[in-house]
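Q: Would you mind keeping the following structure in view while I ask a few things?
Any read-out appearing in this document is the output of simple, stated calculations on the displayed coordinates, not a laboratory observation. Treat the numbers as computed from the prediction; the structure is a model and nothing was measured. Methodologically, a virtual Cβ is constructed for each residue, glycine included, from the backbone with ideal geometry; neighbour enumeration extends over all protein chains shown.
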Amino acid sequence: MSTDFNGTWNMVSNDNFEAYMAALDIDFPTRKIANLLKPQKVIEQKGDSFIVKTLSTFRNYRVQFTVGEEFEEDTKGLDNRKCKSLVTWVSNKLVCVQKGEKENRGWTHWVEDGDLHLELHCSDQVCKQVYRKVPGA
Ligand code: VLP
């Protein structure tokens, strides 16, 4: 049995997001706004099929994938790039490699002590986020 990521999760911490956004060439005013957000992750998982929604008052982002199947990702509303993305299980972690213009780009999700963890990386920058499950949502 792999980890169950289903649910609605609210951000409780966000370390080094600004530098991660700078690594993605997000402009200064957008970074200042985005850095104040407390996004929500809404995850719908059926086996190895996922829909991950990142919701905020400023912008929303949705990605859909099946573990082990490379897909074309358009990061529309974020840095607006195209990537060839592949998500795999590495023990109980969901690991995504986003192949494209930016080196060393990807993310890792896992559940630890009931919290949803996310590490986002691009070039030499790593952003660490933690989300707490919204009960009954
Ligand atoms: C761009 C960088 C902020 C910031 C400008 C707009 C959407 C794993 C994965 C699933 C992500 C989120 C990446 C966020 C990069 C922001 C708007 C912020 C709210 O999540 O959960 O896509 O890649």
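Q: For region 65-84, give me the residue count where each residue is within 13 Å of the ligand (Cβ to nearest atom) and over 17 Å from Y20 (Cβ atoms).
A: Counting residues in region 65-84 that are within 13 Å of the ligand (Cβ to nearest atom) and over 17 Å from Y20 (Cβ atoms) gives 4.
Q: Yes or no: L120 under 16 Å from M11 (Cβ atoms) and not basic (K, R)?
A: yes
Q: In the list N60, N16, N35, N10, which residue meets the criterion of being farther than 16 Å from G106 by Cα and either in contact (Cβ under 8 Å) with a residue 60 or more places away in the chain or surrounded by 15 or more Cβ atoms within 10 Å (Cβ to Cβ) (or both)?
A: None of the other options fit; the residue is N10.
Q: Are there strands (runs of 3 or more DSSP E) fully within region 23-137 with at least 1 residues that are among the small types (G, A, S)? List them.
A: 49-55, 82-90, 106-112
Q: Something else about it: Go through region 63-87 residue by residue and tally those that are of a type in the set (S, T, Y) and touching a Cys at 6+ places or on another chain (Cβ under 8 Å).
A: Summing the residues that are of a type in the set (S, T, Y) and touching a Cys at 6+ places or on another chain (Cβ under 8 Å) in region 63-87 gives 2.
Q: Which condition number in (1) within 10 Å of the ligand (Cβ to nearest atom); (2) more than 19 Å from R105 (Cα to Cα) is the one that I26 fails?
A: Condition (2) is where I26 drops out.
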